[in-house]
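Enquirer: Sharing a structure, written as structure tokens. Questions coming.
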Amino acid sequence: MTGATPFERLGGEGGVRALVDRFYDLMGLEPAYAGLRALHPQALEGSRDKLFWFLCGWLGGPNHYIDRFGHPMLRARHLPYAIGIAERDQWMSCMKQALAEQGVEAALAQRLEEALAGTADWMRNKPEIAKKPV
Ligand code: HEM
């Protein structure tokens, strides 16, 4: 698989769609993600499509999101939602669980988690008292 993009290693559009679907299913199912779920609209179809389109391009596949909406400007698009440390951590835990349950190979999952953690942290927009690093 040398030279394969993360998109290809995840199984292309089918694999990315399955990951996103599991991510949003877990968000609705797991009490630990209830706060994250509450930020989202009641019907998740639009959210599922947007994250799927975005991740396809972000993982090195087709740019479905940019083709539809232009530059992602993810931080600006998240400003209507109050995102702090708790919301960031729930998003990351939910995504890590989805990656594990989809059977994504450990090395790839770890690489994606590290990259997504930076993006998730960048989405924080709620003033909070800084916590001492552990
Ligand atoms: C850090 C915690 C995060 C929270 C609490 C959060 C929450 C949300 C919410 C509530 C929406 C609106 C859903 C909708 O319009 O249906 C949204 C949209 C979106 N999120 Fe997040 N998100 C987070 C992190 C991320 C990360 C890390 C990514 C990408 C890797 C991401 C990608 C997206 C995309 C692509 C959209 C659609 C934007 C649009 O076109 O309006 N989010 N997010």
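Enquirer: Regarding the stretch 49-63, can at least one residue be identified that is out of contact with any Ser or Thr (no Cβ under 9 Å at 6 or more places or on another chain), under 28 Å from Thr5 (Cβ atoms), assigned to a loop (DSSP other than H, G, I, E, B) and not aliphatic (A, V, I, L, M)?
Expert: Yes, the stretch 49-63 has at least one match.
Enquirer: Can you tell which of Gln102, Gln90, Gln110 is closer than 24 Å to Gly28 by Cβ, more than 10 Å from the ligand (Cβ to nearest atom) and of a type in the set (S, T, N, Q)?
Expert: Just one listed residue meets the conditions, Gln102.
Enquirer: Take the stretch 26-76 and flag every residue that is of a type in the set (D, E, K, R) and exposed (fewer than 13 other Cβ atoms within 10 Å of the Cβ).
Expert: Glu45, Asp67, Arg68
Enquirer: Does the stretch 73-84 include one or more residues that are near the ligand (Cβ under 9 Å from one of its atoms), of a type in the set (A, V, I, L, M), closer than 28 Å to Gly14 by Cβ and not in a loop (DSSP other than H, G, I, E, B)?
Expert: yes
Enquirer: In the stretch 67-102, how many are acidic (Asp, Glu) and touching a residue at least 60 places away in the same chain (Cβ under 8 Å)?
Expert: 1
Computed from the coordinates by the stated procedures, all read-outs in this text should not be read as laboratory data. Small disclaimer: the values here were computed from a predicted structure and weren't measured. We place every Cβ from the backbone using ideal geometry, glycine too, and count neighbours over all the protein chains shown.
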